[in-house]
Amino acid sequence: MSEVVTGEAVVLTVRVASLASRAVALAIDMLVQGLALGLAILLLVSTGSVVDDALAAALYVLVTVLILVGYPVTFETVTRGRSLGKMAMGLRVVSDDGGFERFRQALFRGLAGVIEIWLTSGSIALISSLISAQGKRLGDVFAGTIVIGERAPREAAPPPMPPGLETWAASLELSRLPEELANSARHYLTRWNQLAPEVQHTLGARIAAQVASCVTPAPPPNLPPYQYLAAVLAERRRRALARHASPTPTAPPGPPPPPATEAQSAPKTDRRGFAPPS
């Protein structure tokens with residue numbers, strides 16, 4: 001797991017792609033590129049008698065660059081961070097801030113991949129991925145990207161309302177709580193048991209402080225971050241279920257009222273001819 005900070009300063013937890021899944025995705029992409037390169041070379045060889053040696057050499061270089069660089073750059077730009085191998089393994093390249101990969105970043109990764117993967121048989125990419133805490137190869141470091149896994153395991157249900165906090169939670173003003181921040185708190189709670197003890201406290205305190213800046217009133221004193229976030233999300237979920245369970249009833253359409261007669265529409269007057277105010 002790794003944390004990314006979005007442009008809105010919201011901390012999100014993402015699942016970094018494992019080295020094994022990235023290796024399989026890379027093998028699929030290299031197989032596709034190898035087949036495309038072999039087919040292109042066969043076509044060039046078949047037309048070798050038509051063109052001279054200089055033009056043939058230029059075509060070889062052009063085709064090689066288009067396949068080795070153009071393939072990953074085009075796919076990752078069009079699909080926003082996914083090549084054929086990454087699609088098969090459920091992986092995606094994203095920016096360090098959690099946004100979609102841009103063309104400039106895909107170009108940096110593609111150019112670096114020629115040296116990291118093809119010219120050195122993947123040794124540089126392997127060493128870089130093993131050294132980096134987020135599994136980044138040099139192309140990811142230069143481009144400011146990270147490869148994440150989109151096929152995350154099914155998360156456990158969020159914890160229920162902690163006992164004794166029901167009355168306080170019922171008075172919360174939750175309209176200013178952003179959906180992204182609520183999702184970040186939900187991910188923290190569902191993965192709390194998987195975190196190290198020091199990460200449980202520091203990450204929980206950070207998310208709880210962000211939530212407390214958007215939610216009023218303040219939590220009771222000495223309330224642990226885990227229980228505070230659990231109470232906020234449980235109350236938020238309870239209100240959402242209540243809104244969906246009891247929709248506002250609408251009156252059935254009835255017959256239109258009869259038209260008013262002249263006698264009914266004329267105001268009543270007293271003896272002096274004044275009409276009382278309606």
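Laboratory data are not the source of any read-out in this text; all were calculated from the coordinates shown. A quick note: this is a predicted structure, and the numbers were derived from the prediction, not measured. Using ideal geometry, Cβ is built from the backbone for each residue, glycine included, and neighbour counts are taken over all protein chains shown.
Full extension of the chain segment joining A23 with A212 gains 63.8 nm, where the gain is 0.36 nm per residue of separation less the Cα-Cα distance.
Can I get the semi-axes of the stretch 86-233's equivalent ellipsoid? Compute them from the C-alpha gyration tensor as square roots of 5 times the eigenvalues, in angstrom, largest first. Mind showing how you got there, number by number?
Details: eigenvalues 325, 47, 35 Å².
Over the Cα atoms of the stretch 86-233, the semi-axes work out to 40, 15, 13 Å.
Which part of the stretch 194-232 falls in the paramagnetic zone of R15, meaning amide N under 16 Å from the point 7 Å along Cα-to-beta-carbon? Backbone N within reach: 194-195. Working from label points 7 Å from Cα in the Cα-to-Cβ sense, the W118 to A36 distance is 1.1 nm. The string of couplings for the stretch 198-212 from the Karplus curve (6.51, -1.76, 1.60, θ = phi - 60°) is 5, 6, 4, 7, 5, 5, x, 5, 5, 5, 4, 5, 5, 5, 5 Hz, one whole number per residue in order, with x for Gly and Pro. Extension gain, D53 to H201, is 46.5 nm, computed as 0.36 nm per intervening residue step minus the present C-alpha separation.
Segment Y60..A240, full-extension length gain: 58.7 nm, with 0.36 nm per residue of separation and the alpha-carbon distance subtracted. Residues whose amide H falls under 5 Å from that of V215, counting only those 5 or more places apart or on a different chain, are absent, with hydrogens built in the peptide plane. Among P219, L195, A234, which residue has its Cα positioned farthest towards the positive end of the charge dipole of the stretch 179-251, with +1 placed on the Cβ of Lys and Arg, -1 on the Cβ of Asp and Glu, and the dipole taken about the Cα centre? After comparing all options, I get A234. Shape class for the stretch 159-198, computed from the alpha carbon gyration tensor (a ≥ b ≥ c): oblate, with a/c not under 1.5 and a/b at or below b/c.
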